[in-house]
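The values are calculated or read from the model by the stated rules, or taken from the named source; none is laboratory data. These numbers come from a predicted model, not from an experiment. Because the Cβ atoms are built from the backbone with ideal geometry, glycine has one as well, and the counts that use them run over all protein chains shown. With ligands, DNA and RNA removed, areas are computed over all heavy atoms of the protein, side chains included. Shrake-Rupley method; radii C 1.70, N 1.55, O 1.52, S 1.80 Å.
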Number of protein chains: 2
Amino acid sequence: MPTIKDVAEKAGVTVTTVSRVLNNRGYISEATRQKVYKAMEELNYQPNELARSLFRGRSHLLGLIIPTVAHPFFGELSASIEAYAHSKGYKVLLCNSQLNRKKEKEYIEMLKRHQVDGIIMASHTMEVDEFAKVNLPIVTFDRRIGADIPYVSSDNYQGGKLATNLLVDKGCRKIAHICGNLSLNMLANKRNEAFVATAQERGVEYYTIQTEINVFETKQYELLIKDLFNEHPDLDGIFANSDLMAVSAIKVCSLLKKRIPHDVRIVGYDDTSIASLVLPQITTIRQPIEQMSALAIELLIRQMNEEQVSVDNILPVTLQERETT
Amino acid sequence: MPTIKDVAEKAGVTVTTVSRVLNNRGYISEATRQKVYKAMEELNYQPNELARSLFRGRSHLLGLIIPTVAHPFFGELSASIEAYAHSKGYKVLLCNSQLNRKKEKEYIEMLKRHQVDGIIMASHTMEVDEFAKVNLPIVTFDRRIGADIPYVSSDNYQGGKLATNLLVDKGCRKIAHICGNLSLNMLANKRNEAFVATAQERGVEYYTIQTEINVFETKQYELLIKDLFNEHPDLDGIFANSDLMAVSAIKVCSLLKKRIPHDVRIVGYDDTSIASLVLPQITTIRQPIEQMSALAIELLIRQMNEEQVSVDNILPVTLQERETT
DNA sequence: CCGCTACATCTTTAATGGTCGGCATCTTTT
DNA sequence: AAAAGATGCCGACCATTAAAGATGTAGCGG
């Protein structure tokens, strides 16, 4: 690999001059500039970002910690985050925590060692007090960690309300919400709060089904939903916490010969591409992934520049009505 | 952020001594070692990997260039690659090229600037001769670039053969293969070669439908398949080049009131999680993503160590028979 | 008990690749 | 003649490491 020294020699100037050309600093004649560019071209020179980052104390690297990029929601989120980061000159280090507390901590330490300029944390099994030690710009997704760390989220309460009201509006009288573990203090829990409040307000029978934490296993979802229908054969509405769960619900209904939306209505969450891909197409609550991604990056950059950031960043959700209701 | 200097001061030794503790090099008394550990602990010190990488000429960073991590196949591939890289002490820089030639080149240059130790290239719009300049350990996915650059692939010909034979075995007489642009010299083209050869051999009518290159747009797939059935209403078998395409085919069939598998049989490709998620569950050709990922990393590491690597690395595929045939 | 060797322990110095400020030295323009 | 433009030189700096050097201590023979 050629260094700045090689370029300088080839162009017949000093490294200082090459550095000046690279960074557009000081006086440089057009002739010299061209000589330097030519030498760089010929040597196929690329400045060593490690050295630059070391000196500047800025790596232009971001860490992204998610459960797994294989999950459609996090896949789409990651693609979007990377795209926006790229447009702002930042690179993304991908970390799949598998929702494993130890891995989350290890990844955070690794990211610190690699001098990332900021971390986007979208995997939340870690204890809140662990975050205090991080000492780096952080943005969390869908979880509020104390009063200092900004988070990006969509309006979970509104999402739960929209979904529940839609089910009741369409005539459901006995509905269930299938969600993650509520004991973790996640903002997504507000969906269930809204579900409960709305169901009570509208006077329909309702149930909350919590899944175990580390379950992206669709088979597990299916079993859970089968059990649910076993216990409540007359259930006529399901609010699923992700489109993936909604797909599992569709499968179980098909197995039990329940017609959608005639016998059972289903509302999903996220509006990942799978929602409009499957049949019947899933009615779902759309999270504005692009805006959330852009906002997360913005918040990180503002923290780096020591600008003021607002802690609560809640973006609106929208109802996407399709065929399951 | 505390540096090795701070640790040295706190422990009352020189930085070199701290460095030797860190790297387990030379003679260190147990007492000093403990002092240093204690100082590191108290300062919450993390060694600066930029500086280490700069000195050692090894960053332990890998670049992963894919079309987009939002696509289920590449999402699962990325998750798997990151997991395996992590287990070998490597970190992954995520690059979504959007199948854009300019972006691919830009990403490669960026990765070089950041001194990655190797690149996994799974997005192929770039010209072959561009690769010569890269001058870094590379592994490609599903594309053979000259005789020097090793590639990892699954047995595309076998996949095409399995799929086509299955369709014909099940009674199809008029089949179509929906695939990507064949003018790009991709190994996935072998699926079509196998399709054509097998169809001829088995004496059934067959068609090849090429999609435009930058199309992860499922709507486009649907239009394409609609046109196909318009032209050939008696088509009774579809070999789709991805599970996503197969899902689109299912949707169109449902729209046209064609029953699966009674009227039309469908075989997908990849065996991403979506294949067993949708209804009817998709018969598909399974690519061994985990093994392919592991192999790709192995090949990179071997190149870094200047060991001999084999250029052709083709792993076997398997047929997963489900409900669409 | 001295002197020598051997080794343990820690420090000094230079290197990694690049940036940057100050200052010197020309040349060109005003 | 003064100001501005163009370049070079020197050294400090970023955080870390490797090689070589300095210091101390113990063992051993004489």
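Quick notes
- Number of partner chain Cβ atoms within 10 Å, mean per residue of A:274-281: 5
- Förster-model FRET efficiency, 25 Å R0, A:N24 and B:D148, C-beta, rounded to 0.05: 0.10
- Length-normalised contact order for the range A:156-288 - Cα pairs under 8 Å, 6+ apart - percent: 26 percent
- Residue-normalised accessible area of chain B, expressed per residue, 1.4 Å probe, Å²: 43 Å²
- Considering only A:P67, A:P137, A:P47, the mean-square fluctuation computed in a Gaussian network model of chain A, springs between alpha carbons under 10 angstrom, is largest for A:P47.
- For B:K161, a cut-off of 23 angstrom between C-alpha atoms picks up these lysines, skipping any fewer than 8 places away in its own chain: B:K170, B:K174, B:K190.
- Among B:T16, B:M40, B:I4 - extreme Cα towards positive end, dipole of the range B:4-47, charges at beta-carbon: B:T16
- Angle between chain B longest axis and helix B:30-43 axis [Cα atoms, degrees, rounded to 10]: 60 degrees
- Of the residues A:V264, A:I238, A:N185, the one whose Cα sits farthest toward the positive end of the charge dipole of the range A:156-288, with +1 on the Cβ of Lys and Arg and -1 on the Cβ of Asp and Glu, is A:V264.
- For the range B:156-287, the square roots a ≥ b ≥ c of the C-alpha gyration tensor eigenvalues yield an a/c under 1.5, which makes the shape rounded.
- Coil-residue GluC sites (Glu not before Pro) of the range A:160-252, DSSP, other Cβ within 10 Å capped at 14: A:E212, A:E217
- The antiparallel fraction among DSSP beta bridges confined to chain B stands at about 10%.
- Rounded to the nearest 20 debye, dipole of the protein assembly as shown from Cβ charges on Lys, Arg, Asp, Glu: 1100 debye
- Within chain B: Cβ-based charge dipole about Cα centre, in debye rounded to nearest 20 (Lys, Arg +1; Asp, Glu -1): 740 debye
- For the range A:1-109, the list of trypsin sites (Lys or Arg not before Pro) that fall in a loop by DSSP and count at most 15 other C-beta atoms within 10 angstrom reads A:R25, A:R58, A:K88.
- Peptide A:101-112 - average C-beta neighbours from other chains (10 Å radius): 2
- Trypsin sites (Lys or Arg not before Pro) within the range A:199-264, DSSP loop, no more than 15 other Cβ atoms inside 10 Å: A:K257, A:R259
- Choice from B:I65, B:I289, B:I209 showing the highest fluctuation, given a GNM over chain B with Cα pairs closer than 10 Å: B:I209
- Dipole magnitude (debye, nearest 20) for the range B:220-325, charges at Cβ of Lys, Arg, Asp, Glu: 500 debye
- Whether the protein assembly as shown is rounded, prolate or oblate, judged on the alpha carbon gyration tensor where a/c under 1.5 counts as rounded: oblate
- Mean residue ellipticity, 222 nm, helices only, chain B: the sum of -39500 (n - 2.57) across DSSP H runs of n ≥ 4, divided by residue count and rounded to 500, is -14000 deg cm²/dmol.
- Remark: label point of A:E306 defined 7 Å out from Cα along the Cα-Cβ vector; separations to the same position in other copies 4.7 nm, ascending.
- Calculated label separations, A:E290, copies of the chain, 7 Å along the beta-carbon direction, nm: 3.7
- Nonpolar atom fraction for chain A, defined as the carbon and sulfur part of the 1.4 Å probe accessible area, stands at 48 percent.
- Chain B: most fluctuating residue of B:N23, B:N230, B:N305 per GNM, C-alpha cutoff 10 Å: B:N23
- Taking Cα atoms only, the orientation of helix B:156-169 departs from the longest principal axis of chain B by about 30 degrees.
- Each other copy holds its own label point for B:Q200; taking that point as 7 Å from Cα along Cα to Cβ, the gaps run 7.2 nm, nearest first.
- For A:L256, the accessible surface of its heavy atoms amounts to roughly 70 Å² (probe 1.4 Å, protein chains only, rounded to the nearest 10).
- Using a probe of 1.4 Å on the protein chains alone, the accessible area found for B:M1 is around 120 Å².
- Annotation for the A:B interface, with buried accessible surface near 4800 Å², both sides summed [1.4 Å probe; non-protein components not counted].
- Counting Cβ atoms of other protein chains within 10 Å of each residue's Cβ and taking the mean over peptide A:73-83 gives 5.
- Whole-Å distance, taken between Cα centres, linking the range B:39-67 and the range B:90-137: 21 Å
- The overall shape of chain B, judged from the alpha-carbon gyration tensor, is prolate: a/c is not under 1.5, and a/b is greater than b/c.
- Proximal aspartates and glutamates relative to A:K88, as straight alpha-carbon distance under 20 Å, when same-chain residues fewer than 8 apart are discounted: A:E49, A:E76, A:D117, A:E290, A:E298, A:E306, A:E307, B:E104, B:E106, B:E109
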